[in-house]
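Everything on this sheet refers to the single structure shown next.
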Amino acid sequence: MNNKKEDQVKKVKAFSKLNKKGNVVRVIREHYLRDDIWCKSLACNICRHEDAVLEAPEIVTKMSKTALKKQKKKAPEMPEVSDYIPQYIIPSVDVSMKYLDILEECQKKNIIFCETVSEEANQTQHSQKRKYQRIRNLINNQERCSILFANEHSVETYTDRLESESQKQRNDRAVVIVSEWYSKHLNNSIPIILLSDTPVTVDPNNNITVMSMVEFVQGNTKLMDMLANVVDSTSEVNLFEEHLPLDVMESGISKGTLHRAKIKMSRKEDATVRVDGEEYIVEPNRAVHDDVVCVQILPKEQWRVPNSKRVSTGFVVPTAVVVGVIQRNWRDYVCSILESNDSSSNVMCVPLDYRIPKIRIRTNNKQALENMRIVVRISSWERGSNYPTGFYVKTIGPIGDLNVETQSLLLENQIHITPFSKAALDQLPSKDWKPDPRYRKDLRTSHMVSSIDPIGCEDIDDALSVRHLPNDCVEIGVHIADVTAFVPHDSPLDIEARNKSTTIYLIDRRIDMLPSLLSANLCSLHQNRDRYAMSVIWKFNNKHQVIDTWFGRTVIRNRYALHYDQAQSIIDGISIPKVDPIPERNWSEAQIAPDDFSQLKKNLTTLQKLGQLLHRARQDNGAVDLESLDQVTFSLDDKKEPTKISTKVDGLIHHTVAEWMIYANAAVAKKIHDHNQSSALLRIHPQPKSENFSSLLKVASVRDYAINVRDNNTLAKSLDGAVDRSDPYVNMLLRSLATRAMEEAQYVSSGSLTGSEALRHYGLALQHYTHFTSPIRRYADIIVHRQLLNCLQNENHASRELFNNQQLQKIASAINDRKRAADRAQQESTEWFRAIYFRNKSQVVDGIVFGVKSTSISVFLPQYYIKGQIYLTTREGQLIIPIKERNRFELPENIPSAGVIDYHEEKQRVGISIKGSLFKITVFDHVQVQVKISESKAHLPQVSLELTTFKTSTKPSAGASGGCQTIVFARLRGDHKGQIQRWTESKMK
Amino acid sequence: MIKISPSEKQFLIDGIKQNMRTDGRSRLDYRAFTVETGLVAQTNGSARVKLANNTDVLVGVKVEIGDPDPDFPDQGRLEVRVECSPSASPEFEGRGAEEMNAILSAMLRNMLQNARTVDWASLCISPGKQCWIVYVDCLVLDSAGNLFDALSIATKSALFNTKVPKIEVMETSSGQTEIEVSDDPSDFTRLSTASIPISVTLAKVGSRYIVDPTIEEELCMESRVTIAINSKGNICSIQKGGVSSGINPSEFNKMLQHARKIGLVLLKELDALLDKEENNDTSTKIGFAR
Amino acid sequence: MSKIEFISPEGLRVDGRRPQEVRKINYRLNLFSRADGSAYYEQGNTRVLAAVYGPRQVTRRGASKHDRAIINCEYSMATFSTGERRKSAKRDRRSTEISVVIRQTFESVILTHLYPRTQIDIFMQVLQADGGTRCACINAASLALIDAGIPMRDFVVSCAAGMIDGVALTDLNYIEDSAGGPDLPLAILPKQNKICLLQMDSKLTIEQYEEVMQMAVEGCKQIHAVLDAKLKDVTDQLVNKRKTLL
């Protein structure tokens, strides 16, 4: 306890400060200088050694040469002991603030932090874990032998600020004084290293070396990485504007000066936001696709031309600016790393999704990640950085592997495949389950039930029955697999199914919503098995009007599980070749007993005839039959490589089955809606907005077809009339364009929409519609089954539904989202397989133009159902000359071509003139297209199309497949071998 | 309570008639005074004046941010307060000094409240909203006569010594003003005190008048005139006090002339002293311990 | 916001003192001409003036005591004494409380029975406040009384102690005082080792109290040593001035 007051000098620091009330107050502080601040070095003989920490040099006693030799002989493996002279490191204020993590990592000992530095750390607010705390931890770590030297309170090292210098310069000078003091104090016996990036002058007599950080980390690659990484927070390079704080944004939104919107990035175009129905282009300012941002709409004078128009049209478009991000919607991104040669631990990852920017991550294990698909998450995006920073989560697998790419697709669409939980599997009944016919209508012997499905179908969820009654009445029954009998509401199995919401069909695999024991066995209406069903049975009179409808739980036996062609052949009386059985699926063609043949034929014919009547009735009401022409089937070989792409056409029998399913869905919809207005799960299809039809009308007008888009009736009728006898594809394409204009059909809880118009299904022209017929692969159907049961059990009084309107709406939205994600995943899987198919089989096929823009044309390839855009110019505006014209005009490959493009928007025609020859491409022309793929490691390979010649023809060329029937949408079912189609529902139905 | 006997009084008056005062001064001689500035670090400016080690006055100036006078929205404000400490006289204990405080405060206020004494416009921060308010607080520690003059000298010195911290007014994005104070203690602005007047007190004792009365002389005086003179020689305020008879106007003029002369001399001396104080290093000031 | 570290791991307080160290003290006697005794006392940045009048005639007739002198104390703070200007209120509660407390302290120390029917006034003025004003005032008043020549039983010295973050500290300044820890002003008669003033706020365990109390006593002793040393010098000077020895 040293109390020599006369040695202490007292200083008074006085300054003004702003206090909490906003007033300026004078603050005075005393500052005592002491003479008892010890240097804390073991090497010091002057100070007391009680708590000395810094190491002292160890001088090994000099042994004589002979003694050394002796020691070596005795113990040759002992290393040579040499003198150990520690170095004392004194970091300056700047170095400590900026490079603290390097100091922590470098494992060097004997670091002397000055009190000046720790005061600076205490004041300035940097990251969460204050630098001061980290300095303290470093000092407390005994292995580091580091100290805090209280230089501000030591009479020997304190210095006042001089007139000419700033506070910062004074601090730097104080650290220099400390280093000089240490050196002198220890008699130059210990080398002192002063770490400073700014140049300082020290007295050369002392044993002080001034090092900059670069010199300090020399030789240690890890530290050199970290050095390169240091984000200089004081640097003035800010590439982006600062984001506004949340409260300012919210007040702006409520005032109306700012708007909230979701930002949409695009691969080739500018990022856009939609405010009040208007679209604006924006500079993202560190917003990532799907983030909810706050934008300010710029005044008209500041609108600019979009960046990414290939040939600048010169027109300004509405522009806005992103002033802040309200909510980040960052998810897991599948990426692959960008190859680079430098060995730093910074790696750039390129996400699979084109719309996400490259992400910078830090890893030590770069080799292991090359050529792999990895999952990366974004953690932040600073102002001074071009790219966001993120971190590695996990590796999926090597690029190009089928499983890996499939998993990547699913992950990108946020579909997580998890095996069924034990709790769910425990709920399943045993394989030897037998149905219990109590409380059910037993139709096993009274009705002849048969099902019609694709070849090889394992999960049969619907079956039909026909009974001819006296007086020309007929009773038709639709029987749907009763899944709700096995899946109780809110059970673990139910909840897992709800989370999955739908079975996902990828090209090579299927991801089931329910365990296969149910989906392929106990629920599925297999031939000659007794199964539970939910049935709808109508009685029609001789005028084909419904006189009775019965709903209820039944037990049925599916007598004959037919396939489509088989059923049609029975109706037509034409025999077709037998189909081979598929042992892996336990499938073989149904053998029809000769006694049942005529009965079966009568039933199927009745179904078809009545079905056609129903269809016509809907058409009169305005049903629109549309298709999008993008479903193909792949034949895969053993290695799951696609060997064939085939398009198939649906026949009459497909329509028949579909019609009865639609009829059943509609009947159930009406039933549950009547019983419960507020929370019935329905499927709606809103009327499309008139602007959606602009491209259809433009194209149709070229051939003078008048398409009336006023309502579904007029649309259907006018589409039926828009036919070109010589080219069946014209009508097909017009229908396809009409499909593009359609709104998305959605599940909705009936209470959340007002007005009867809102519940209509535009495409099917039905007042009420829902999904009822496929509970094995759709969760919505399970809910509808339960609602129907609820309604049947409580016929006469209102009952408590399982979900109220709000809950049901939430579930419906979730199912819609999952369905969208599943559709996207399915589409991406299709594109991937398609690209793999064309990888080694580049070929020229016939294509039809269905859209013309100023620098590109849209073509459809009927052989493969491929739709794509062919660019006529490069990004810079140079005309791309197809190979045949190059040969003809003898133009060399790499010289930019002189050609002029002339675009007529109303006539949907583009005229190209090269070297005096004029070519014209109009919509509905047939062109020759070269199909290739564009390989890319970071992204999935994609099909790319090129014209081989500018010459067009108006008739389809010889190789094109065609058929005048209405080509209907096909969707896959089943997995790898033997692709089988089944017509189910489209985007609209 | 100082009391004086009639004979003492007579002695004083006679002495003054003969131009000989009890402490040896002539009638128009001023006592030697010492000025020290910057004593109280907690204030923005301070000064201590001692008239011949008897009268001791300490003035502290603090500046704060506040609302301006609605009549003068673009000017700063001044608030003057005098407090007589009971150490000066036991009768100043409790509320005894109230009257004295009021008189002294009023007099100082008269002198300083003028628009020309200090550049008030420079003390405005944002017109109509914020300005600097200058609080002048005087503490009378020891009283041996002529408090008026001592106070005025001390006030002028304290204001001369005042360092107003430099501030920056910023408009935040939400439209509010924010003030940032410079941390640097050498970042300040000074007040322009060149036009601040000082007062000279003349007391009429018998038929003569004297300058700078001591407390005994104050007890004998008939009337008192306090005149404030500024460096240009202009008269800034006049106050007549005292209990007995009035003053002849012609005599009054003569008093004014004298006061003016003495005032100018005082001012020059004071300015010289203040400059010296300014250049003195703070660490050599001993302040009270002298 | 940086949390203030009141005592660093190296054992230094905010201003560089060690926990048991008292701030720098300086004082001067006999400043004023009219007061019978006066003292200027500074402890760190706290500066206090004390003036003593008396023994003199009692001003309020009814208050005089027939067998002893009455002590009258007044404590006031200058408006510019604190960081933020305070509206001077001589009669505010804190000032009254401190005045009463100090009066009681001195009543027990001054030999009042020597001056019946008189009044002794002690006036204390705080010029600058930086923690420990009440203790500084007591010390200043003691010195002023000595300067006035009023007989006392012993020198009254006062020091405050407290505890922050588990460490007992002597002589808290304003920052440490505002930390919210316990504050214990103590006045003792060093030679007789008797306590004449003890106050405490906040809460302490018994063991902590012992420790803090010890600190305060040590602090008082340190102050006494400083004051005493200088006082001897002053007295010598005075005696020499008179050139006679009584």
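The values are calculated or read from the model by the stated rules, or taken from the named source; none is laboratory data. Since the model is a prediction, treat every value here as computed from it, not as a measurement. Cβ placement follows ideal geometry from the backbone for every residue including glycine, while neighbour counts extend to all protein chains displayed.
Checking C:Gly219 against (1) in contact with an Asp or Glu (Cβ under 8 Å, 6 or more places away or on another chain); (2) part of a helix (DSSP H, G or I); (3) over 30 Å from C:Ile120 (Cβ atoms), which test does it fail?
In the conditions (1) in contact with an Asp or Glu (Cβ under 8 Å, 6 or more places away or on another chain); (2) part of a helix (DSSP H, G or I); (3) over 30 Å from C:Ile120 (Cβ atoms), C:Gly219 misses (3) alone.
List the pairs whose first member sits in segment A:898-910 and is in contact (Cβ under 8 Å) with a residue 24 or more places away in the chain and at negative phi, whose second member is surrounded by 12 or more Cβ atoms within 10 Å (Cβ to Cβ) and of a type in the set (S, T, N, Q), and whose Cβ atoms are under 6 Å apart, counting only residues at least 6 apart or on separate chains?
A:Tyr903/A:Ser854; A:Arg909/A:Thr922
Does at least one position in segment A:147-162 carry a residue that is away from chain C (no Cβ under 14 Å), buried (at least 20 other Cβ atoms within 10 Å of the Cβ) and out of contact with any Leu (no Cβ under 8 Å at 6 or more places or on another chain)?
Looking for residues that are away from chain C (no Cβ under 14 Å), buried (at least 20 other Cβ atoms within 10 Å of the Cβ) and out of contact with any Leu (no Cβ under 8 Å at 6 or more places or on another chain), one finds none in segment A:147-162, hence no.
Under 7 Å by Cβ, and 6 or more places apart or on different chains, what pairs join a residue from segment A:719-735 that is acidic (Asp, Glu) with one that is in a loop (DSSP other than H, G, I, E, B) and exposed (fewer than 14 other Cβ atoms within 10 Å of the Cβ)?
Taking only residues 6 or more apart or on different chains, the pairs are A:Asp727/A:Lys955.
Of the conditions (1) crowded, with 21+ Cβ neighbours inside 10 Å; (2) modelled with pLDDT of 85 or more; (3) out of contact with any Cys (no Cβ under 7 Å at 6 or more places or on another chain), C:Gly54 fails just one. Which one is it?
For C:Gly54, the exception is condition (2).
Looking at segment A:749-787, which of its residues are of a type in the set (Val, Ile, Thr) and modelled with pLDDT under 90?
A:Thr754
What about A:Ser266, is it modelled with pLDDT of 80 or more, farther than 23 Å from A:Leu246 by Cα and part of a loop (DSSP other than H, G, I, E, B)?
Yes.
Being among the polar types (S, T, N, Q) and more than 20 Å from A:Thr484 (Cα to Cα) is the filter here, so list the residues in segment A:413-466 that pass it. Break it down into steps so the answer makes sense when it comes.
Filtering segment A:413-466 for residues among the polar types (S, T, N, Q) gives A:413-414, A:418, A:421, A:427, A:430, A:445-446, A:450-451, A:465.
A:Asn413, A:Gln414, A:Thr418, A:Thr445, A:Ser446, A:Ser450, A:Ser451, A:Ser465 - these are the residues of segment A:413-466 that are among the polar types (S, T, N, Q) and more than 20 Å from A:Thr484 (Cα to Cα).
Can you find a residue in segment A:789-798 that is over 27 Å from the mean Cα position of the chain (by Cα), buried (at least 20 other Cβ atoms within 10 Å of the Cβ) and either in contact (Cβ under 8 Å) with a residue 12 or more places away in the chain or assigned to a loop (DSSP other than H, G, I, E, B) (or both)?
yes
Residues that are of a type in the set (Asp, Glu), within 14 Å of another protein chain (Cβ to nearest Cβ) and within 22 Å of B:Ile229 (Cα to Cα): does segment B:96-114 have at least one? Quick ask: steps written out before the conclusion?
So in segment B:96-114, the residues of a type in the set (Asp, Glu) come out as B:98-99.
Applying the additional criterion that residues be within 14 Å of another protein chain (Cβ to nearest Cβ) yields B:98.
Okay, now just the ones that are also within 22 Å of B:Ile229 (Cα to Cα), so none.
Taking every residue of segment B:96-114 in turn, none turns out to be of a type in the set (Asp, Glu), within 14 Å of another protein chain (Cβ to nearest Cβ) and within 22 Å of B:Ile229 (Cα to Cα).
Among the residues that make up segment B:247-255, is at least one of them surrounded by 14 or more Cβ atoms within 10 Å (Cβ to Cβ), away from chain A (no Cβ under 14 Å) and closer than 27 Å to B:Ile2 by Cα?
yes
Could you grab me the full set of residues in segment B:131-166 that are in contact with a Cys (Cβ under 8 Å, 6 or more places away or on another chain) and not aliphatic (A, V, I, L, M)?
Correct list: B:Cys131, B:Trp132, B:Ser143, B:Thr155.
Restricting to segment C:1-59, name every residue that is touching a Lys or Arg at 6+ places or on another chain (Cβ under 9 Å), outside any strand (DSSP E or B), facing another protein chain (nearest Cβ under 7 Å) and of a type outside the set (D, E, K, R).
Of everything in segment C:1-59, those that are touching a Lys or Arg at 6+ places or on another chain (Cβ under 9 Å), outside any strand (DSSP E or B), facing another protein chain (nearest Cβ under 7 Å) and of a type outside the set (D, E, K, R) turn out to be C:Ser2, C:Leu12, C:Gly16, C:Gly44, C:Asn45.
With a cut-off of at least 1 residues that are crowded, with 21+ Cβ neighbours inside 10 Å and within 13 Å of chain B (Cβ to nearest Cβ), name the strands (runs of 3 or more DSSP E) lying wholly within segment C:69-180.
C:70-77, C:118-128
Among the listed residues A:Val93, A:Val81, identify the single one that is at pLDDT below 65 and more than 10 Å from every other protein chain (Cβ to nearest Cβ).
The match here is A:Val81.
Touching a helix residue (DSSP H, G or I) at 6+ places or on another chain (Cβ under 8 Å) and acidic (Asp, Glu): which single residue out of A:Asp711, A:Asp625, A:Asp704, A:Asp638 fits that description?
On inspection, the qualifying residue turns out to be A:Asp625.
Please find, within segment A:705-744, the residue that is modelled with the lowest pLDDT out of those that are hydroxyl-bearing (Ser, Thr, Tyr) and outside any helix (DSSP H, G or I).
Here the answer is A:Ser726.
Considering only residues that are touching a residue at least 60 places away in the same chain (Cβ under 8 Å) and of a type outside the set (A, V, I, L, M), which ones fall in segment C:84-116?
C:Gln104, C:Thr105, C:Ser108, C:Tyr115
Got a number for residues in segment B:224-248 being more than 16 Å from the chain's Cα centre (by Cα) and hydroxyl-bearing (Ser, Thr, Tyr)?
Qualifying residue count, segment B:224-248: 2.
Name every residue in segment A:245-260 that is within 18 Å of A:Glu278 (Cβ to Cβ), within 13 Å of chain B (Cβ to nearest Cβ) and loosely packed, with under 15 Cβ neighbours inside 10 Å, in order of residue number.
Listed by number, the list holds a single entry, A:Thr257.
Restricting the search to segment A:740-778, which residues are closer than 22 Å to A:Ser694 by Cα and surrounded by fewer than 21 Cβ atoms within 10 Å (Cβ to Cβ)?
Scanning segment A:740-778 gives A:Arg740, A:Ala741, A:Glu743, A:Glu744.
What number goes with the only condition from (1) buried (at least 16 other Cβ atoms within 10 Å of the Cβ); (2) modelled with pLDDT of 85 or more; (3) of a type in the set (Asp, Glu) that A:Asp426 does not pass?
Here A:Asp426 meets the rest and fails (1).
How many residues are among the small types (Gly, Ala, Ser), at pLDDT 85 or above and in contact with a Lys or Arg (Cβ under 9 Å, 6 or more places away or on another chain) when one looks only at segment A:852-877?
1
Kindly indicate the residue of segment A:22-53 that is facing chain C (nearest Cβ under 8 Å) and not hydrophobic (A, V, I, L, M, F, W, C) and also nearest to B:Glu178 (Cα to Cα) among those meeting that condition.
The selected residue is A:Asn23.
Those residues that are in contact (Cβ under 8 Å) with a residue 12 or more places away in the chain and of a type in the set (A, V, I, L, M, F, W, C), I need them from segment A:576-622; list them, please.
A:Val579, A:Ile582, A:Trp587, A:Ala590, A:Ile592, A:Phe597, A:Leu600, A:Leu604, A:Leu607, A:Leu610, A:Leu613, A:Leu614
Please verify whether A:Ser944 is surrounded by fewer than 17 Cβ atoms within 10 Å (Cβ to Cβ) and modelled with pLDDT of 80 or more, treating the condition exactly as stated.
no
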